[in-house]
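Read the figures in this text as sums done on the coordinates, not as results from a lab. Please read these numbers as outputs of a predicted model, since none were measured by experiment. When we count neighbours, we look across all protein chains shown, and the Cβ atoms used for this are built from the backbone with ideal geometry, even at glycine.
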Amino acid sequence: GGEGGVGGGGEGGGGAWAALKAERGAGLEQLLAELRAAPRRLVVANFHQGVLGHRPFGGHFSPLAAYHARSDRYLVLNVWPHTPPAWYSAASLWASLLGTDAESGLPRGWAVVEPPVPRPRCE
């Protein structure tokens with residue numbers, strides 16, 4: 001696995017930046033640390049819906065909104081109209097993030113999307 005960056009930009013530094021997290025060695029601790037850095041950044045999960053009990057659906061992207069420590073659950077703001085936002089156990093969510101996408105052959109994981117860092121303007 002690995003981590004890659006994708007960025008938008010242009011004159012003045014417009015556009016967002018995303019770091020793709022698809023590391024087999026990364027753990028839930030890293031995912032939680034990324035989520036705790038919100039609201040400055042957005043964490044988007046690339047997960048397999050079938051692992052979370054949604055049939056017959058496969059791969060999907062949705063933002064993670066919160067973590068509840070006492071229940072060890074993550075809130076997924078599911079954007080698919082037939083699957084409402086829901087709290088998933090850390091173990092279930094993690095299992096849904098570990099698979100490999102059958103179509104692309106790439107690992108699932110999560111992406112961290114951050115606003116651009118403003119660059120100083122020289123006049």
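Give the shape of segment 65-105 as rounded, prolate or oblate, defined through the alpha-carbon gyration tensor: a ≥ b ≥ c are the square roots of its eigenvalues, a/c under 1.5 means rounded, and otherwise the shape is prolate if a/b is larger than b/c and oblate if not.
oblate
Which FRET efficiency value, to the nearest 0.05, do you get for Glu103 and Ala69 by plugging their Cβ-Cβ distance into 1/(1 + (r/R0)^6) with R0 = 30 Å?
The calculated FRET efficiency here is 0.25.
Taking θ as phi - 60°, what are the ³J(HN,Hα) couplings along segment 100-110 by the Karplus curve (6.51, -1.76, 1.60), each to the nearest whole Hz, with x for Gly and Pro?
After applying 6.51 cos²θ - 1.76 cosθ + 1.60, I find 10, 5, 5, 6, 8, x, 9, x, 7, x, 8 Hz.
Can you list residues whose amide H is under 5 Å from Asn78's amide H, if they're 5+ apart or on another chain and H is modeled 1.01 Å from N?
For Asn78, the qualifying residues are Ala86.
Going highest first, how would you order 99-111, 79-91 by mean Cβ packing within 10 Å?
Highest-to-lowest ranking by the protection proxy: 99-111, 79-91.
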